[in-house]
Every structure is written in structure tokens, then in C-alpha cells.
Amino acid sequence: MEVYRKIWQELDMDVEKHELILTRLPNAYQRVFLTQKNRPKAMEYYDYIISELHKLRIKELYDFKAQGGKVVGAFCLYLPQELVLASGAVFVGLCGGSNFTVPIAEQFLPRNICPLIKSSFGFKLSRVCPYFQSSDLLVGETTCDGKKKVYELLGNICSTYTVELPQKPETIQSREMFLKELKQLASKLEELTGNRITVESLKNAIEMVNAKREVLERLNNTRKAVPPPISGKDALLINQISINDEIQRFIRKTSELVEELEERVRKGVGVVDADAPRIMVSGCPMAIPNWKLHNIVENSGAVIVVEESCVGTRFLNMGKVDSSANDLDGLLKSIVDACLNIHCACFTPNNGRINDIIQLAKDFKVDGVIHYSLQTCHDYNIEARKVERALKRINIPMLTVETDYSEEDIGQLTTRVEAFLEIIKK
């Protein structure tokens with residue numbers, strides 16, 4: 001423990017507050033995950049990662065930085081991991097999913113903005129997140145007004161760069177603009193790392209991230225089985241961990257898990273009864289340790305079989321990025337095409353997201369959809385009506401949930417979820 005404490009101190013962290021978080025996380029994790037029955041054996045790796053969340057990986061980042069390496073932190077899928085890896089840097093995700101740092105952020109931000117924004121900003125202000133403290137550059141994007149204004153505030157206390165994202169991705173001019181943005185980002189990453197992004201390094205990075213996407217796609221496909229071989233909670237956890245784990249190790253360990261799950265499917269082994277209600281969660285992202293909704297749903301007797309979310313199928317929507325081009329422009333255009341196939345609610349008119357939800361509902365044989373919005377997330381809250389109308393046309397019921405990271409509404413949410421499941425069962 002002394003080794004890690006020394007690392008945290010050298011990262012200029014508030015060690016006392018950080019250790020307080022580390023004492024709370026295992027208790028919450030044990031309550032949510034380790035009480036499940038019939039979990040796949042290969043989930044032991046992800047349990048280990050959570051227990052060592054701010055130790056093992058942070059030491060790896062610390063050692064990498066000590067050798068002159070750079071760490072790039074990001075908040076969104078629209079920052080291509082491929083570019084970061086091609087520059088020789090390490091990519092880490094920074095979205096906050098805890099209520100712990102919200103009061104700190106509210107000293108500087110309005111109370112009535114998204115809890116993800118407040119949690120993320122609070123982690124940097126309080127110096128309790130080693131991923132924030134390890135990052136040599138924070139890269140934001142213009143997905144929402146709240147985030148882009150907070151990036152301005154972050155720019156006053158650390159090195160920050162913001163990528164402009166087009167709002168109408170289907171147009172030619174949007175794709176041309178985003179290509180220019182990624183070229184500028186590539187230059188920024190080269191400046192940061194001192195390494196040139198070459199055709200070879202970008203091809204290798206594309207193929208590496210394609211491999212990660214492929215193993216997550218295989219994982220996702222096992223959940224189509226009736227009954228599914230893995231719980232929604234465990235699948236969510238794997239996607240959350242994928243953002244920060246060492247990529248080659250993650251691919252290897254998740255491949256081992258998928259092989260176990262595919263064997264379970266062949267044998268008809270599931271984590272619930274075959275008649276358990278199958279639920280899709282659609283909407284805002286869920287960062288560690290935001291497991292509240294999944295825990296409520298699955299403790300109520302249903303199973304979540306798919307997440308139409310940034311921590312879910314949207315990363316998979318990028319598909320296999322084409323690495324066949326022999327010039328940087330061609331490779332960057334392939335990344336642009338992949339990124340703009342992620343149907344975030346920040347886009348307009350965003351019919352692609354509606355089509356995704358309808359197709360997922362059919363592919364995963366869902367009995368109902370829970371549309372999940374963080375409080376004051378205007379894009380997803382407004383789109384909820386559009387999603388509900390589309391689902392009604394195919395006779396799939398939907399429950400709209402707007403919440404934050406606190407535990408104050410767990411009782412109310414449990415009552416609403418249980419009532420929704422009763423409707424589905426009739």
C-alpha cells in the first residue's frame with residue numbers, strides 16, 4: 001500500500017480523500033455484484049480490476065509516464081482512441097459516475113446541470129481521481145453546452161483541448177469539417193508526444209481497437225440468448241472497465257470470458273429463468289460506479305440484455321474501421337465515418353438512434369425499454385418522447401427514468417420499475 005500512496009502523492013492527489021473513496025467502493029461493489037448467483041467464473045478478472053482499480057492500472061500509467069510516455073484523458077467516444085494510440089500515448093476515460101465529488105463541483109457550477117459534468121469536474125477539482133491526475137492532456141468535445149463550458153474551466157487548471165463535433169453528421173460538409181478537426185487533433189497529439197502519427201502506426205492502432213470492439217461485439221451477441229448467460233450488471237461493468245484497462249490484456253481476458261459465455265449458451269445455462277423479462281436500457285452513459293438502475297432492475301426479477309448507450313452498443317456502432325487505405329487521409333476518413341455512425345442525442349435530427357433502438361429491440365427480443373436520462377440532460381430528456389412513439393409502433397412498452405448519482409430516489413425508482421415489470425408480465 002505504501003508504494004501506491006507514494007504514487008498518489010507524486011500525482012498531486014488528495015490521498016486522504018482518495019483513500020476514503022477506496023474504502024467505500026468495495027462495499028458498494030460487493031453489495032451489487034458479488035451477491036449474484038451463477039456468475040461466470042471469468043468474471044473474477046473484473047472483480048480483481050475493481051478491487052485494484054486505483055492501484056494496478058495507475059502504477060502502469062505512472063511507470064509509463066516515468067519512461068517519458070504521455071497519457072491522454074477523454075470524456076467521449078467521439079475522441080478516437082485510434083489516434084491517441086497511434087501517437088504513442090495511452091488513452092483513458094474520465095467521465096465521473098459518483099456523487100462523492102458533486103458538492104465540490106457545485107461550489108463553481110450551477111446545481112441544475114448534468115451530474116456527469118459535475119462529478120467529472122469535481123474529480124479534477126478535488127484531486128481524488130488518479131486518471132485525471134495522470135493525464136497530460138484532457139481532450140473534450142462539443143457534444144453539449146454544459147460540457148464545453150466546463151472544458152473552458154478545466155483549461156484554467158490543466159492542459160485541455162476541445163474537438164468541435166458537427167451537429168448534422170449526415171452532410172458532406174460535416175464530414176469534411178470533422179476530418180479537419182481530427183487532423184488538428186493529430187497535430188496536437190504529435191506535439192504532446194514528440195512522435196509522428198504514421199500510416200503504419202495508425203493502421204496498427206485501428207486494428208488494435210477493432211480487436212477490442214470485436215470481442216465486445218461477441219460478448220454482446222451472447223446476451224441475445226434466452227436465457228442470457230451473463231447479467232446486465234456484469235456486462236455493464238465490463239464495458240466500463242474497457243475504457244481504462246490496458247487494451248491487449250482486456251482483449252485477452254474478455255476473450256476468455258466470451259468463450260465461457262458461448263459455451264454456456266450452447267448448454268442453455270443462464271443467469272435468470274428463461275421467462276424473466278428482458279429489458280433494454282437506452283440513453284445516457286453510465287460511468288463507474290454508477291450501477292444504480294441496473295441493480296434495481298435485476299433485483300426486481302428482470303434482466304438487462306442490452307444497453308443503447310455510450311457505455312454499450314454505441315461503441316460497437318463504429319463497426320470495423322477500414323484500415324486498408326495507404327495514406328493518412330484515407331485512414332482518417334475511415335475513422336470519421338465510424339465516429340459519425342455513433343448516434344448520440346446531440347445530433348439532429350438523429351433518426352439513426354431511433355433506428356438503432358428498434359433494431360436492438362428486435363435482435364435482443366426485449367420485452368420493455370427503460371429510457372435513462374441524467375437530470376437536466378436536455379438532449380436525452382427531449383428525445384425520450386421520440387423514442388417512446390417509435391417503440392409504441394412495435395408494441396414495446398417504455399419507462400422513462402430521470403435520475404442522478406445519489407441514492408435518495410432508490411425507493412421511488414424501485415417502485416416504478418416493479419410496476420413497469422408487472423405491466424410487461426401481463
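All of the numbers you see were taken from the coordinates with simple rules; none came from a lab. Here the structure is a predicted model, which means the values were calculated and not measured. Reconstructed Cβ throughout: ideal geometry from the backbone, glycine too, with neighbour counts over all protein chains shown.
Step by step: first the residues of segment 305-334, then only those that are part of a helix (DSSP H, G or I) and of a type in the set (S, T, N, Q), then the one that is nearest to PHE420 (Cα to Cα). Which residue is that? Give the steps one after another, and end with the answer.
The first filter runs over segment 305-334 and keeps only residues part of a helix (DSSP H, G or I), leaving 313-317, 328-334.
With of a type in the set (S, T, N, Q) added as a condition, the list becomes 313, 317, 334.
Working: THR313: 24, ASN317: 29, SER334: 42 Å.
The qualifying residue nearest to PHE420 (Cα to Cα) is THR313.
Criterion first (among the acidic types (Asp, Glu), in contact (Cβ under 8 Å) with a residue 24 or more places away in the chain and either at negative phi or surrounded by fewer than 17 Cβ atoms within 10 Å (Cβ to Cβ) (or both)) does ASP47 satisfy it?
no
A quick yes/no check of all residues on (1) more than 22 Å from the chain's Cα centre (by Cα); (2) surrounded by 14 or more Cβ atoms within 10 Å (Cβ to Cβ); (3) on the phi < 0 side of the Ramachandran plot:
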residue	(1), (2), (3)
TRP8	yes, yes, yes
GLU16	yes, no, yes
VAL32	no, yes, yes
ILE58	no, yes, yes
ASP63	yes, no, yes
VAL72	no, yes, yes
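Take LYS65 and tell me if it is in contact with an Asp or Glu (Cβ under 7 Å, 6 or more places away or on another chain) and either of a type in the set (Asp, Glu) or more than 22 Å from CYS344 (Cα to Cα) (or both).
no
Report, by residue number, each residue of segment 120-150 that is within 15 Å of HIS18 (Cα to Cα) and not in a helix (DSSP H, G or I).
Passing the criteria: ARG127, VAL128, CYS129.
Need at least 1 residues that are polar (S, T, N, Q) per element, so show me which helices (runs of 4 or more DSSP H) inside segment 17-119 make the cut, counting only ones lying wholly within it.
44-51, 81-86
A quick yes/no check of all residues on (1) outside any helix (DSSP H, G or I); (2) surrounded by 19 or more Cβ atoms within 10 Å (Cβ to Cβ); (3) polar (S, T, N, Q):
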| residue | (1), (2), (3) |
| --- | --- |
| LEU185 | no, yes, no |
| LEU192 | no, yes, no |
| ARG218 | no, no, no |
| LYS224 | yes, no, no |
| ALA235 | no, yes, no |
| ASN239 | no, yes, yes |
| ASN244 | yes, yes, yes |
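Filter segment 335-355 down to residues that are surrounded by fewer than 19 Cβ atoms within 10 Å (Cβ to Cβ) and in a helix (DSSP H, G or I), then give me how many there are.
Counting residues in segment 335-355 that are surrounded by fewer than 19 Cβ atoms within 10 Å (Cβ to Cβ) and in a helix (DSSP H, G or I) gives 5.
So which of ALA345, ALA274, ALA361, ALA302 is aliphatic (A, V, I, L, M), closer than 26 Å to ARG416 by Cα and out of contact with any helix residue (DSSP H, G or I) (no Cβ under 9 Å at 6 or more places or on another chain)?
On the way: ALA345 fails: out of contact with any helix residue (DSSP H, G or I) (no Cβ under 9 Å at 6 or more places or on another chain); ALA361 fails: out of contact with any helix residue (DSSP H, G or I) (no Cβ under 9 Å at 6 or more places or on another chain); ALA302 fails: out of contact with any helix residue (DSSP H, G or I) (no Cβ under 9 Å at 6 or more places or on another chain).
After ruling out the rest, the residue left standing is ALA274.
Looking at segment 372-419 only, could you name the residues that are charged (D, E, K, R), under 24 Å from LEU360 (Cβ atoms) and outside any helix (DSSP H, G or I)?
GLU402
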